[in-house]
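Shown next, in structure tokens, is the structure this report addresses.
The values are calculated or read from the model by the stated rules, or taken from the named source; none is laboratory data. On a predicted model such as this, the values are computed, not experimentally measured, just so you know. Note that each Cβ is placed from the backbone with ideal geometry, even for glycine, and that neighbours are counted across all protein chains shown.
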Amino acid sequence: MTRFLRLFPLIALFTGVAPMAILYASRHLTHLREGQSGPLFTPEFNQQLLIAGTVTVLVTALVGYIAWRLRESTEYMGAAQDTWLALLSHRKVMLVIVLTAGLSLFLELALIRWQVGIFPALAFYKNFSLLACFAGIGLGYALSGQKTIPLAFVIPLLLWQVLAQFLLVYGLSDLQGVSLHASPITEQLDIGLNSARTRVQVLAIYVMLGSLFLQSAACLIPIGQLCGKAMARTANLKGYGLNLVGSVAGTLLMLLMGHYWTNPVIWLALVCGVILYLMARTARGLRTSALCALALLMLLGWQPNIGVQSIHSPYQMIERVTREDGLMTIRVAGRFYQRVYDLRAEHVAHLENEWLHAEEDYYNLPYALAGEPKHVAIVGAGSGNDVAGALRADVAAVDAVEIDPVIVELGRENHPERPYDDPRVTAIINDARSHFRATDASYDLIIYGLLDSHSALSHAANVRVDSFVYTIEGFAEARSRLGDDGMLFLSFVNLGDKVLGHKIYGMLEAAFDGNAPMALYSEQSERYIFLHHNGDLNVSPEVYTAAGYQEVSAEFAEGNDTIALSTDDWPFFYMPKRVYPFSYLGMAFAVAVMTLIMTGLLLPGKPRRGHLSYFLLGAGFMLVETKAITELGLVFGNTWQVIGFVICGVLLMSLVANFIVALAKPRKLWIPGGLLMISILVGYVVAMFWGFQSDVVGKIVAITILTLPMLFSGILFAGLLRTDVSVAGGLAANVFGAMCGGLLEYNAMMFGYQSLYLLAIAVYIGALLAMREKPTPALTLD
């Protein structure tokens, strides 16, 4: 237990340093933005830093002192938890395995969803929250041999994390917190940290990430340890199978939470309830945890902004705000997202508002350019502004495609023109790629609304909402749904020094067989519009000039050779070229260093050499799983339901592999090892040369090819586990390997997603070679 307490001063230090880093970064950014020539460190600013630094030192010292004073009582509670587990019947031990495995998965997904709702920057640092949770679970499994279990600390640590993050988010002014307001443009276009703005922003974000990493990992360590100790009391494969059953249950439960749009109060109430049930019946531990649980739920239920309605959709935390004019504005994670307009003629005719009239011209422009379209598709329909524009143009039918059901419902209830109530409108809750692949409709006009470009797609997938919408293949599929005289209308606001404009222009050109699109620009709204046509693109200049736009196609016609166009293999829309983003490499380095520090503090000695095979199997599995999620998301749709069920399918495939090994008891694993290599190669060849199709046969082929590697990999893992002396040790090494695989996934940003197949093969070859050095009487590769 005293080893676990070593983490507390470290967490307190990072938690305290975070406000200092944010204060410095915000001051520096303000200095740059305003072009100030005076000194950066003013007496007032120095005083703020001094106060923050003093508080950091005092809090760290206080936490260290409390941890030292409580070492004996915490040792007693940890030993009581171990005794409680030792006295359980075998049936109850099986229940503990299922509950702790399900709890770890559910809490992991809950933390990922909550954290990205608090800090939008996490949507750009893909995998970060997942890696932090993996570190905690892996360390917990590795600690299963220790006699004390610090389960009583889980709820207090959760309270600590929520309180610390709320203080960062709501305790700083908007000006002070500006350093945490990352955007996809600055984060990706400043690759290499080649600007002072990016450097100071990354500094603040890294310190915040370090604090969040330690807090998240520490919460999961006791749960993993309890699970590992419980599995030690069962046969290896039986314990591992129960672990997988619990993991599937935890994932399905979070999917259920997403389906009903529940909020974090519900998620963490379930977590606290299970933890209190699993705790040893020591009065001090139960009382402290119960009080902390009550404080935690009250804090999560606190609404800092009166008049703001918060809804947690399956994708993001949405806030509905009523403006002074009575209309709705939607924010995501505290930042502006969408604004509802009332553009009915009787409403805007008497208003002397040039900006509002410019918005009216924008929403009416597609129909003036396309003539008289009858059947219109709007992707990224949002709360209904584009849909209302179509109805004002008297179209016959509108397919409004929006991936987030909460936004559609908010538009249905709050848009003054009530566009979603019109019988001509069909609201389709799906992603654009999936809709275009599934429908057989032919459209006269396809409008790309301002799609969400940076929120996380789901609680477990690391794919951004529009990653596969803005690709050459995505535009080609949209084109295939245009009629012979159909038009594509795409708008974008911030093009980041026009780099993204070059990408959009080049991708549309490639999707339309080399025919160049038309680009328009409005100086007043700073909005770009890109047009293309299945026939001849003959647009009268009088139409768009009357709306305040001018043609700027020449600005994007040249210079596209140096821009990397987005494809389904390389769908990184905000990256202008294929490089390793240094900000991501820094994050990966920080994750590795913090994991090593935590391991050094908690684990004595060195890991067993035989754990290398488990480690490499975990890394390979993560790479294959990532590729499967990517491909199956394209085939079935990148929605939260699809991604969630794919993850459940992966876990179930591992469970099937566990049953196969338990029944067949294979002594030689070269057969599943060889089949694993063949199955990965088949997937690589199919994806590279043909791609996976979305018809019935194509879906069956995709499921078969993309899940077989997981089956054979699961057989290898279960085969190793069957004869090992420590199931928890093998799982710990496997989870740490999965962390490594999550970091290796960033190679896709340079080489594309298909490269993950080849990388997985190399990792699996290493795992097979490591198995040869681990001979046992019952298991060999020879």
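Those residues that are at pLDDT 90 or above and either more than 26 Å from Ile765 (Cβ to Cβ) or polar (S, T, N, Q) (or both), I need them from region 565-592; list them, please.
Leu565, Ser566, Thr567, Asp568
List pairs: first in region 391-414 and assigned by TED's automatic domain parsing to the domain that holds Thr439 and in contact (Cβ under 8 Å) with a residue 12 or more places away in the chain, second charged (D, E, K, R) and crowded, with 24+ Cβ neighbours inside 10 Å, Cβ under 7 Å, 6+ apart or cross-chain?
Between residues of region 391-414 that are assigned by TED's automatic domain parsing to the domain that holds Thr439 and in contact (Cβ under 8 Å) with a residue 12 or more places away in the chain and residues that are charged (D, E, K, R) and crowded, with 24+ Cβ neighbours inside 10 Å, the close pairs are Ile403/Asp431; Val408/Glu402.
Within region 550-564, can one find any residue that is crowded, with 22+ Cβ neighbours inside 10 Å, at pLDDT 85 or above and in the same structural domain as Ala358 (by TED's automatic domain parsing)?
yes
Are there any pairs with C-beta distances below 6 angstrom linking a residue in region 502-531 that is touching a residue at least 60 places away in the same chain (Cβ under 8 Å) and closer than 18 Å to Ile563 by Cβ to a residue that is among the polar types (S, T, N, Q) and assigned to a helix (DSSP H, G or I), with the two at least 6 apart or on different chains, and if so which?
Matching pairs, first to second residue: His502/Asn560.
State which residue pairs qualify: first residue touching a residue at least 40 places away in the same chain (Cβ under 8 Å) and inside region 628-644, second residue of a type in the set (S, T, N, Q) in any location, beta carbons under 6 Å apart, and separation of 6 or more residues or different chains.
Partner pairs satisfying both residue conditions: Val635/Ser694; Gly637/Asn430; Gly637/Ser434; Trp640/Ser458; Ile643/Ser458.
Pull up region 476-535, narrow it to residues that are within 16 Å of Gly449 (Cβ to Cβ) and of a type in the set (Gly, Ala, Ser), then point me to the one that is modelled with the lowest pLDDT.
In this case the residue turns out to be Ser525.
Find the residue count for region 661-716, including only residues that are aromatic (Phe, Trp, Tyr), closer than 24 Å to Gly633 by Cβ and touching a residue at least 60 places away in the same chain (Cβ under 8 Å).
Here the count works out to 2.
Only one residue in Ala388, Ala393 is under 35 Å from the mean Cα position of the chain (by Cα) and under 30 Å from Gln524 (Cα atoms), so which one is that?
Ala388
Being surrounded by 20 or more Cβ atoms within 10 Å (Cβ to Cβ) and under 25 Å from Met688 (Cα atoms) narrows it down to one residue among Pro571, Pro576; which is it?
Pro571
Which of the residues that make up region 367-403 are charged (D, E, K, R) and either assigned to a loop (DSSP other than H, G, I, E, B) or buried (at least 24 other Cβ atoms within 10 Å of the Cβ) (or both)?
Glu372, Lys374, Asp386, Asp394, Glu402
Which condition number in (1) buried (at least 19 other Cβ atoms within 10 Å of the Cβ); (2) at pLDDT 90 or above is the one that Leu720 fails?
All conditions pass for Leu720, except number (2).
Inspect region 643-658 for any residue being in contact with a Pro (Cβ under 7 Å, 6 or more places away or on another chain) and crowded, with 23+ Cβ neighbours inside 10 Å and give the result as yes or no.
No; the residues of region 643-658 include none that is in contact with a Pro (Cβ under 7 Å, 6 or more places away or on another chain) and crowded, with 23+ Cβ neighbours inside 10 Å.
Return yes when Gly714 is buried (at least 23 other Cβ atoms within 10 Å of the Cβ), modelled with pLDDT under 90 and of a type in the set (Gly, Ala, Ser) and no when it is not.
No; evaluated as a whole, the condition is false for this residue.
Would you tally the residues in region 503-521 being among the small types (Gly, Ala, Ser) and crowded, with 20+ Cβ neighbours inside 10 Å?
Matching residues across region 503-521 total 3.
Checking Leu356 against (1) hydrophobic (A, V, I, L, M, F, W, C); (2) surrounded by fewer than 17 Cβ atoms within 10 Å (Cβ to Cβ); (3) in a strand (DSSP E or B), which single condition isn't satisfied?
Going through (1) hydrophobic (A, V, I, L, M, F, W, C); (2) surrounded by fewer than 17 Cβ atoms within 10 Å (Cβ to Cβ); (3) in a strand (DSSP E or B) one by one, Leu356 breaks only (3).
Is it true that some residue in region 591-605 is more than 29 Å from Phe4 (Cα to Cα), over 19 Å from the mean Cα position of the chain (by Cα) and in contact (Cβ under 8 Å) with a residue 12 or more places away in the chain?
Checking region 591-605: not a single residue is more than 29 Å from Phe4 (Cα to Cα), over 19 Å from the mean Cα position of the chain (by Cα) and in contact (Cβ under 8 Å) with a residue 12 or more places away in the chain.
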